[in-house]
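Engineer: Here it is, the structure, as structure tokens.
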Amino acid sequence: MKNIAHKGERKQPKIKAEVNGKGLTVHAGLLPVLTFMGKLLFRQRIQEAVGKEREANAPYQMVDAMQMVVIGLIAGATSMVADNEGMGR
């Protein structure tokens, strides 16, 4: 492998990201998916099938958790591991 001599450190350019377009949403483009799931009565059907109510220590209803998993998969999630930083550590 050939070594290349460095005459000095090159400074990396600073990159500034800015989002200011029209019609952008915090839903990452998933609003049509949520609308479609609503028309399918997804939440009601899951609730009927599972029938499990939220326990006192659960932050979400079971149907909420299942909907989040499905939406995550549609959005391209590759892991079910949550980032727990700042969550009571």
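Engineer: Filter region 60-89 down to residues that are over 17 Å from the mean Cα position of the chain (by Cα) and either of a type in the set (D, E, K, R) or at pLDDT 80 or above (or both), then give me how many there are.
Structural biologist: Of the residues in that region, 3 qualify.
Engineer: Based on what the data block shows, is Ala56 modelled with pLDDT of 75 or more and part of a loop (DSSP other than H, G, I, E, B)?
Structural biologist: On the way: modelled with pLDDT of 75 or more: yes; part of a loop (DSSP other than H, G, I, E, B): yes.
In short, yes.
The values are calculated or read from the model by the stated rules, or taken from the named source; none is laboratory data. Predicted model only: the values in this text are computed from it and were never measured.
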